Amino acid sequence: MRLSKKIKDNIDFLDKKMGISKSFDLVNREVKIGGRAASLLFIDGFAKDEIMLFIQKTLQGLEREDINPNTIEKLMKEKIAYLEVESTNEFEQLEFMVLSGALAILIDKEDKAIILDVRSYPVRGLQEPELEKVTRGARDGFTETLVFNTALIRRRIRDPNLRFEITKVGKRSQTDVVIGYIEDIANPNLINELKGKIDAIDTDALEMTEKTLEEFIMGKNWNPLPQARYTERPDVTASHLMEGHIVVIVDNSPSVMILPVTMFHFTQHAQDYYQNPAVGTYFRWIRFTGIIFSLIIPPLWLLLVYYKGSFPEWLEFLGPRKTGEIPLLIQFIILEFGIDLLRIASIHTPNVLSTSLAIIGGLILSEYAIKVGWFIPETILYMAVAGLGMFATPSIEFSMAIRIFRLILLISTGIFKLYGFLISLIFICIVFITTKSFGDLRYTWPLIPFNRKALSTILTRKPIPEVKRRPSFLKTIDKDAAPPDEETPQ
């Protein structure tokens, strides 16, 4: 719907649509510009006060001859000394810009409004992300403000081919969503597929920001394995863009979604590349070992206990001398729930009480549970090893998927023993092999299908000058590029 030349009609229509007279934070400042009635429409809290005062002083000092003829064009080109200025004659565009934090200037006898981007969103500092800390390296992290996040990436990649395409998702929330990629590196088919999926989203709002968006992109899926990687680090995002990945940035979220990914993307950390190659490789193998232990140690120990008499004498120490009052399987299940309860409690516990929570959960409960006969020391030991493996996993989404699979292994081993263990292990392998990431990418690449060079880059932290090629599933459109069969740093 187009604006009228009568300012009163425009304000009345906007009042009905936006509730100007009802919402205290929606300000309609009536002024005179060149002798004509005008309104400055904005949301209190978004607009920069100094800029607003400067613009209002400039506009109110204009005479009639200063704005005639072609009032809107003359104001934009000659009188308003501001960079981000545009005009619109559509109510829908005006409403969206005002609700996004811009300033709208409506003038009587003009059927266009001037839009000035004077937004200043409340924002926290660029602190280091809590989930992705490093001992050396950059300390900045993404915030909840979209333009700050794109600027942090631009600071690291000054490539003229870097693209940030913006769109809106959510009929009511109108959330800004940005698709980022390097045009001559990223696969255009993947970019078009992602754009099509985002454009097809039909929802009122992205309540959980990028997580809600992911579920629309990936479709209905009960598979616990994460199919998109999240990061709050600009250096990690820049590295993936240089590989040819696509990033999705959602306003109001400090996390960036990276697509497409394989399971090995969830096992790597920026810390590997801020250390010497030998040290980085060592830490990577420690992390791989911890992830494997997290999955298999408790059910494997339970299986060995059931078949204790079938193993050599040097393995007899693995079995407990007494099993306690509660069966071993139930002990493990209670401990699984206990660790998850402790994790949930730690999230909801203020920092000043975290030490008290650690004493209660880690010392008092475990010690007295052993004394009263609920648990035996071995079950607590092996669950602690599994818990360490979970916390050593860089991706919390991937660690929770491993935790679900471990619970399946535990229950099936406790009920069906060897057959249950083997069948569950085969089931888990099938889930990994059949899972596909965005763009129909095999989740297990480069292990299945096998790619020797890419796998060697994943298993060892090679010196960065040696890693010059891109993954084969992110095919560059540069015909002169080297064959894409290796990974760049994560």
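Laboratory data are not the source of any read-out in this text; all were calculated from the coordinates shown. Keep in mind the model is a prediction, meaning the values are calculated, not measured. We place every Cβ from the backbone using ideal geometry, glycine too, and count neighbours over all the protein chains shown.
Ranked from highest to lowest mean number of other Cβ atoms within 10 Å per residue, what is the order of the peptides 9-18, 237-246? Don't skip to the answer; put the middle values down first.
Values: 9-18: 16.1, 237-246: 22.2.
Listed from highest to lowest mean packing, they are 237-246, 9-18.
Which net charge results when you count Lys and Arg as +1 and Asp and Glu as -1 among the other residues whose beta-carbon is under 12 Å from that of Ala392?
Result for the local shell: +2.
Order by neighbour count: Trp301, Trp374, Trp222, Trp314, fewest other Cβ atoms within 10 Å first, most last. Don't skip to the end; give the middle numbers.
Working: Trp301 22, Trp374 19, Trp222 4, Trp314 7.
Lowest to highest Cβ neighbour count: Trp222, Trp314, Trp374, Trp301.
Ile80's amide H: which non-local residues (gap 5+, or another chain) put their own amide H closer than 5 Å, with H modeled 1.01 Å from N in plane and none for Pro or chain starts?
Placed amide hydrogens put nothing under 5 Å from Ile80.
How high is the relative contact order of the chain, given as a whole-number percent (alpha carbon pairs under 8 Å, six or more residues apart)?
14
Tell me which DSSP H helices of the chain clear both cut-offs, 24 Å or more of axial length from alpha-carbon atoms and a mean Kyte-Doolittle hydropathy of at least 0.0.
Numbers: long enough: 277-306 (42 Å, 1.30); 328-348 (30 Å, 1.62); 396-434 (29 Å, 1.98).
Both cut-offs are met by 277-306, 328-348, 396-434.
For n ≥ 4 DSSP H runs only, could you compute -39500 (n - 2.57) per run for the chain, divide by its residues and tell me the 222 nm figure to the nearest 500?
Working: 16 runs with 209 residues, N = 490.
For the chain, the value works out to -13500 deg cm²/dmol.
Collect residues whose amide H, placed 1.01 Å from N in the peptide plane, falls under 5 Å from the amide H of Arg470; neighbours closer than 5 in sequence don't count.
Asp485, Glu486
Can you flag which of Lys133/Lys462; Lys57/Lys112; Lys8/Lys109; Lys74/Lys109; Lys6/Lys112 are past 18 Å Cα-Cα? Don't skip to the answer; put the middle values down first.
Details: Lys133/Lys462 21 Å; Lys57/Lys112 21 Å; Lys8/Lys109 10 Å; Lys74/Lys109 15 Å; Lys6/Lys112 11 Å.
Beyond 18 Å between Cα atoms: Lys133/Lys462; Lys57/Lys112.
Over the stretch 7-116, what is the mean sequence separation of C-alpha contacts under 8 Å (at least six apart), divided by residue count, expressed as relative contact order in percent? Each step should come with its number before you reach the end.
Values: 161 pairs, mean separation 33.2, N = 110.
In percent, rounded to a whole number, it is 30.
Between Gln174 and Leu53, what FRET efficiency follows from the Cβ-Cβ distance if R0 is 25 Å, with the result rounded to 0.05?
Numbers: r = 28 Å, r/R0 = 1.14.
Result of the calculation: an efficiency of 0.30.
Just tell me which lysines come within less than 20 Å, Cα to Cα, of Lys417; anything on the same chain fewer than 8 places away is out.
Excluding near neighbours in sequence, the set is Lys308, Lys322.
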